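The values are calculated or read from the model by the stated rules, or taken from the named source; none is laboratory data. Keep in mind that this is a model prediction, so the values were computed, not measured. Don't worry about glycine lacking a Cβ; one is built from the backbone with ideal geometry, like all the others, and counts go over all protein chains shown. The area values use the complete protein model at the heavy-atom level, side chains included, leaving out ligands, DNA and RNA. Shrake-Rupley method; radii C 1.70, N 1.55, O 1.52, S 1.80 Å.
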Amino acid sequence: MKSDVLEWHAELDAAEVEPHPAFTLYPGSTAILVIDMQERLGAAMPEKVWKRTTKNTRILLEAAGMFELPVVFTEQYSKGLGPTEASIKDVTSGGSKTIEKMDFSCAHLPELREFLDEHKRRQLVIVGQETHVCVFQSVRHFVERGWFCHVVSDAVCSRKKENWQIGLRLMDGAGATITSTETVLFDLLKGAEHPSFKAISSLLR
């Protein structure tokens, strides 16, 4: 038997309300957007920062399979910066798409917009690099176009800490929700009676 809070959120998720409220994540309207988590660009990041970012990105992608969230990868000039980090890409089992880009923002790409529309997703959990360039410009454009963006602060990175901080402040000011890996996962769960609660909890240990 579901708890009251799970029943309540299930009713909200099933309601014909478009879009869902900005501050509450629902599996049925959420997608994960992985921006430019590429090998060569990652090599330019501080080692500890890159390790944290990739670890949390993998956790979110493993959880995406449990919640049946579609996943989109973008790659900035892959000819020069290489493909998405293999340890990240290999986590996804299905329902993912990879899109090449040259502009810093990905929000305007027809292929990406079509993918999100096809899956009826208006909430985006966003990870990637660099926080103050491609992530910021993408988030800014998505917010302007009516998407609800949840930027995972411990799964985005920049080469310099001050630029990471500036990027987060800019996105917060633009209307995005600045969040964390654990916050996203527990928001999607809503309660301890969710069937994936134990599996999600084990990812965070």
Open item on the list: Only one of Thr177, Thr92 is open to solvent by 20 Å² or more (accessible area, probe 1.4 Å) and over 17 Å from Thr24 (Cβ atoms). Can you tell me which?
Closed with: Thr92
- [ ] Go through the residues of the stretch 69-86 one by one and say whether even a single one is open to solvent by 50 Å² or more (accessible area, probe 1.4 Å), among the polar types (S, T, N, Q), touching a strand residue (DSSP E or B) at 6+ places or on another chain (Cβ under 7 Å) and over 19 Å from Val152 (Cβ atoms).
- [x] no
Task: Search result, residues across the stretch 129-161 that are over 26 Å from Phe67 (Cα atoms) and outside any helix (DSSP H, G or I) - done: Glu130, Ser158, Arg159, Lys160
Open item on the list: Suppose we filter the stretch 18-49 for residues that are open to solvent by 50 Å² or more (accessible area, probe 1.4 Å) and assigned to a helix (DSSP H, G or I); how many remain?
Closed with: 4
Open item on the list: Tell me yes or no: at least one residue of the stretch 115-122 is assigned to a loop (DSSP other than H, G, I, E, B) and of a type in the set (A, V, I, L, M, F, W, C).
Closed with: no
Open item on the list: Can you say whether Arg52 is under 17 Å from the mean Cα position of the chain (by Cα), touching a residue at least 24 places away in the same chain (Cβ under 8 Å) and either open to solvent by 20 Å² or more (accessible area, probe 1.4 Å) or on the phi > 0 side of the Ramachandran plot (or both), as far as the supplied structure shows?
Closed with: yes
Task: Conditions (1) open to solvent by less than 70 Å² (accessible area, probe 1.4 Å); (2) within 14 Å of the chain's Cα centre (by Cα); number of the one not met by Glu182 - done: (1)
Task: Qualifying residue in the stretch 146-162 (condition: at pLDDT below 95, open to solvent by 10 Å² or more (accessible area, probe 1.4 Å) and not aromatic (Phe, Trp, Tyr)) - done: yes
Task: Residue satisfying condition, being surrounded by fewer than 16 Cβ atoms within 10 Å (Cβ to Cβ), assigned to a strand (DSSP E or B) and of a type in the set (A, V, I, L, M, F, W, C), within set Ile99, Ile126 - done: Ile99
Open item on the list: Looking at the stretch 162-202 only, could you name the residues that are closer than 20 Å to Lys48 by Cβ, in contact (Cβ under 8 Å) with a residue 12 or more places away in the chain and not in a loop (DSSP other than H, G, I, E, B)?
Closed with: Asn163, Trp164, Ile166, Gly167, Leu168, Thr181, Glu182
